[in-house]
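Visitor: My structure is below; once you've seen it, I'll send some questions.
The values are calculated or read from the model by the stated rules, or taken from the named source; none is laboratory data. Given the structure is predicted, the values throughout are model-derived calculations rather than measurements. Virtual Cβ from ideal backbone geometry, glycine too; neighbours counted across all protein chains shown.
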Amino acid sequence: MSETTRTTQTPGAPEAAVAPSPAPSRLAERAAALDDADPLAGLRAAFVLDDTVYLDGNSLGALPAAVPARLADVVAREWGELRIRSWTESGWWTAPERVGDRIAPLVGAGPGRVVVGDSTSVNIFKALVAAVRLADAAEGADGDDGVTESPARDEILVDAATFPTDGYIAASAARLTGRTVRAVAMADLAAEVGPRTAVVLANHVDYRSGELYDLPALTAAAHAAGALIVWDLCHSAGALPVQLDADGADFAVGCGYKYLNGGPGAPAFLYVRGEHQGRFDSPLPGWNSHAEPFAMEAAYTPAEGAARGRVGTPDILSMLALESALEVWDGVDPQQVRAKSLALTDFFLECVSALLPDGAVSCVTPREHARRGSQVALRCEGAREVMAELIRRGVVGDFRQPDVLRFGFTPLYTSFGDALRAATVLAAVIDER
């Protein structure tokens, strides 16, 4: 990595032009100037941070400062004093849709199209099975008893390098619906989707490499072949602009604890395209998604709209922590978030190129802005031990087998000074090894 990283500047991003082989002092000057010019710099104060350089927000976001007081009020007053009255008086019952509407602008969705609850895995299962059932209905494949026999669209396409849970859930959904799973490299998915494909399950950003995939193009390719598509937004929601409505996505799922900063185990979200909601047939029809939950009817009648994606009683403490965390997004322009993300990762790569010896690491993350999420993945020898030492010295990223260092850049609270310090400590650790 002896050559300095050079990338195209995104409009609105802090200036990150690359100078040849800058000295450490020059990098420090540039980091300070970039931080001074950062329109999002003031948001850092909205989080609980310390002297650690925290570059693992793509696994668990930092704690928003307003959350502890909000949770204390929920526990002491809403639960402790109002008790069951809070389901109505404190709005607990409507929280899944209300919090969904807070997330909706971050993923380009209209009101009433996102519901929050359950885990990412559970929501992927709901979306995949519902998508297969929609495909069956479109093909007229259901028999009189509602059981599909010899479906024309008999496969679920998945990214061959997908996050393991996505693959496990796809296999289970395939067994339930009489399909087979076919794993295909993301680069080949658009060409491989065809008349046998019921649904495609795709990751917007690769969790290992940080590569960003073309959501509009792959969505269009799936639809052109008569298939539906489910997007996993775990590594993009809150890190870069997403336009689910405009780009025609059918279903999407994302977690609340990464770039949305909702806390460990925060509930996930489920997006159902408006035109599909009336035919959304969830494989988990719990009492909370019934049209009249308190009628306690033996027969299931699904609710209208996003509420159809609910299952059981919502996890209120986690739900309301996420709702409070999402307040930091009030007034934030997602385009500025994207611009800063690219500028941060550009600058980090520049620092790595300038400070590390040739051949010490290789970059797995694409250099092109159009193909980069909000993380940088570096491959190096002894990566597990290197990351452990980085963490010991106050730079927190994470390790992915067999040899990848992952650094996640959360534009709401990561500074350019953080990027420089991380590269400087990495250079010292590599040099000592």
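Visitor: Can you pull out every residue in segment 298-333 that is without any contact (Cβ under 8 Å) to a residue 40 or more places away in the chain and farther than 23 Å from Val272 by Cβ?
Guide: Selection gives Ala298, Asp330, Gly331, Asp333.
To keep it simple, each residue is scored yes or no on (1) modelled with pLDDT of 95 or more; (2) part of a helix (DSSP H, G or I); (3) over 25 Å from Ser341 (Cα atoms).
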{"residue": "Arg133", "(1), (2), (3)": "yes, yes, yes"}
{"residue": "Ala152", "(1), (2), (3)": "no, no, yes"}
{"residue": "Ile156", "(1), (2), (3)": "yes, no, yes"}
{"residue": "Gly167", "(1), (2), (3)": "yes, yes, yes"}
{"residue": "Leu176", "(1), (2), (3)": "yes, yes, yes"}
{"residue": "Ser209", "(1), (2), (3)": "yes, no, no"}
{"residue": "Pro216", "(1), (2), (3)": "yes, yes, no"}
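Visitor: If you go through segment 351-395, how many residues are surrounded by fewer than 17 Cβ atoms within 10 Å (Cβ to Cβ) and polar (S, T, N, Q)?
Guide: 1
Visitor: Among the listed residues Ala66, Ala104, Ala95, which satisfies the condition of being within 21 Å of Trp329 (Cα to Cα) and surrounded by fewer than 20 Cβ atoms within 10 Å (Cβ to Cβ)? Walk me through it before giving the result.
Guide: Values: Ala104 fails: surrounded by fewer than 20 Cβ atoms within 10 Å (Cβ to Cβ); Ala95 fails: surrounded by fewer than 20 Cβ atoms within 10 Å (Cβ to Cβ).
Matching residue, one of Ala66, Ala104, Ala95: Ala66.
Visitor: Something else: Of the residues Asp398, Asp346, Asp431, which is of a type in the set (Asp, Glu), in contact (Cβ under 8 Å) with a residue 24 or more places away in the chain and crowded, with 22+ Cβ neighbours inside 10 Å? Reasoning before the result, please.
Guide: Working: Asp398 fails: crowded, with 22+ Cβ neighbours inside 10 Å; Asp431 fails: crowded, with 22+ Cβ neighbours inside 10 Å.
Unique residue meeting the criteria: Asp346.
Visitor: Using the structure shown, decide if Gly263 is surrounded by 14 or more Cβ atoms within 10 Å (Cβ to Cβ), farther than 15 Å from Asn123 by Cβ and not acidic (Asp, Glu). Spell out how you get there, then give the answer.
Guide: Numbers: surrounded by 14 or more Cβ atoms within 10 Å (Cβ to Cβ): yes; farther than 15 Å from Asn123 by Cβ: yes; not acidic (Asp, Glu): yes.
Yes, satisfied.
Visitor: Turning to a different aspect of this structure: Which ones in segment 64-85 are without any contact (Cβ under 8 Å) to a residue 12 or more places away in the chain and of a type in the set (Gly, Ala, Ser)?
Guide: Ala69, Ala72, Ala76, Gly80
Visitor: Now for a separate question. Just to be sure before I move on: is Arg175 charged (D, E, K, R), more than 23 Å from the chain's Cα centre (by Cα) and surrounded by fewer than 17 Cβ atoms within 10 Å (Cβ to Cβ) in the structure I sent? Quick ask: steps written out before the conclusion?
Guide: Details: charged (D, E, K, R): yes; more than 23 Å from the chain's Cα centre (by Cα): yes; surrounded by fewer than 17 Cβ atoms within 10 Å (Cβ to Cβ): yes.
So Arg175 fits the description; yes.
Visitor: Is at least one residue of segment 192-204 surrounded by 15 or more Cβ atoms within 10 Å (Cβ to Cβ) and assigned to a helix (DSSP H, G or I)?
Guide: Checking segment 192-204: at least one residue is surrounded by 15 or more Cβ atoms within 10 Å (Cβ to Cβ) and assigned to a helix (DSSP H, G or I).
Visitor: I would also like to ask the following. So which residues in segment 174-213 are more than 18 Å from Ala131 (Cβ to Cβ) and either of a type in the set (Phe, Trp, Tyr) or touching a residue at least 40 places away in the same chain (Cβ under 8 Å) (or both)?
Guide: Residues of segment 174-213 more than 18 Å from Ala131 (Cβ to Cβ): 185-188, 191, 205-213.
The answer is Val205, Asp206, Tyr207, Arg208, Ser209, Gly210, Glu211, Leu212, Tyr213.
Visitor: I need the helices (runs of 4 or more DSSP H) fully contained in segment 21-114, keeping only those with at least 2 residues that are farther than 30 Å from Gly305 by Cα and modelled with pLDDT of 95 or more. Give the steps one after another, and end with the answer.
Guide: Details: elements: 24-36, 67-73, 86-89, 95-103.
Once the helices (runs of 4 or more DSSP H) in segment 21-114 are filtered for at least 2 residues that are farther than 30 Å from Gly305 by Cα and modelled with pLDDT of 95 or more, what remains is 24-36, 67-73.
Visitor: Hey, does segment 272-283 have a residue that's crowded, with 16+ Cβ neighbours inside 10 Å and polar (S, T, N, Q)?
Guide: yes
Visitor: Oh, and also: Name the residue that is surrounded by the most Cβ atoms within 10 Å (Cβ to Cβ), counting only residues in segment 309-330 that are touching a Pro at 6+ places or on another chain (Cβ under 9 Å) and outside any helix (DSSP H, G or I).
Guide: Arg310
Visitor: For segment 256-275, indicate whether the set of residues that are over 20 Å from the mean Cα position of the chain (by Cα) and either in a loop (DSSP other than H, G, I, E, B) or within 16 Å of Gly100 (Cβ to Cβ) (or both) is non-empty. It would help to see each step written out before you state the result.
Guide: Within segment 256-275, the first condition is being over 20 Å from the mean Cα position of the chain (by Cα), and the residues that meet it are 274-275.
When the remaining residues are screened for being either in a loop (DSSP other than H, G, I, E, B) or within 16 Å of Gly100 (Cβ to Cβ) (or both), the result is 274.
Within segment 256-275 (the criterion being over 20 Å from the mean Cα position of the chain (by Cα) and either in a loop (DSSP other than H, G, I, E, B) or within 16 Å of Gly100 (Cβ to Cβ) (or both)), the answer is yes, since at least one residue qualifies.
Visitor: Another question, if that's okay. Mind checking which pairs have a first residue in segment 268-289 that is over 11 Å from Gly309 (Cβ atoms) and a second that is among the acidic types (Asp, Glu) and not in a loop (DSSP other than H, G, I, E, B), Cβ under 9 Å, 6 or more apart or different chains?
Guide: Arg273/Asp245; Gly274/Asp245
Visitor: Could you please tell me which pairs satisfy a Cβ distance under 8 Å, a separation of 6+ or placement on different chains, a first residue in segment 110-123 that is touching a residue at least 40 places away in the same chain (Cβ under 8 Å) and assigned by TED's automatic domain parsing to the domain that holds Pro314, and a second residue that is among the acidic types (Asp, Glu) and part of a strand (DSSP E or B)?
Guide: Within 8 Å, the pairs are Thr120/Asp232.
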